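Below: one structure, written as structure tokens.
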Amino acid sequence: MNRKSTLATSDDDAPITQGDIDAGRLVLRKRVEGRVTPAKKRITLYLDASLIEHFKGLAGERGYQTLINETLKMSLQQSDIETMIRKAIREELMSGKAA
């Protein structure tokens, strides 16, 4: 398998910030070339064929697995934001009852 890597090097992207690292978007692992790569783990995952075809159609040249990975990460972030907003609303409602 001679596939071109879809990982971008630090020269191709904007600089990595401490915020990216703190948010868990990547883990620093320097290689000899000086590239920084995200930590990934190989798994076996069975998905519906229609789901895979959908992501393949959206992905274009990027690779559908990368797109699925990014979609899952965005879903987790959205869930975290929803949880934080719900907690803030509950705290505001509780403080309003006490007044």
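Read-outs throughout are calculated quantities, based only on the coordinates presented, and are distinct from any laboratory measurement. It should be emphasised that the depicted structure is a prediction, and the values quoted were computed from it without experimental measurement. Positions of Cβ are generated from backbone atoms using ideal geometry, with glycine treated the same way; all protein chains shown enter the neighbour counts.
Exposure proxy check: Lys56, Lys87, Lys97, Lys41 ranked by fewest other beta carbons within 10 Å?
Lowest to highest Cβ neighbour count: Lys41, Lys97, Lys87, Lys56.
Just the Cα atoms of segment 43-98: what Rg and Dmax do they give in Å?
In Å, with Rg to one decimal and Dmax whole: 18.2, 56.
Among Ile89, Ile43, which comes first, second and so on when ranked by fewest other beta-carbon atoms within 10 Å?
The order, fewest Cβ neighbours first, is Ile43, Ile89.
At a 10 Å Cβ-Cβ cut-off, how would you order Asp48, Asp80, fewest neighbours first?
So the residues, fewest neighbours to most, are Asp48, Asp80.
Rounded to the nearest 0.05, what FRET efficiency do Leu67 and Ala88 give with R0 = 41 Å and r taken as the Cβ-Cβ distance? Could you check?
My answer for the efficiency is 0.85.
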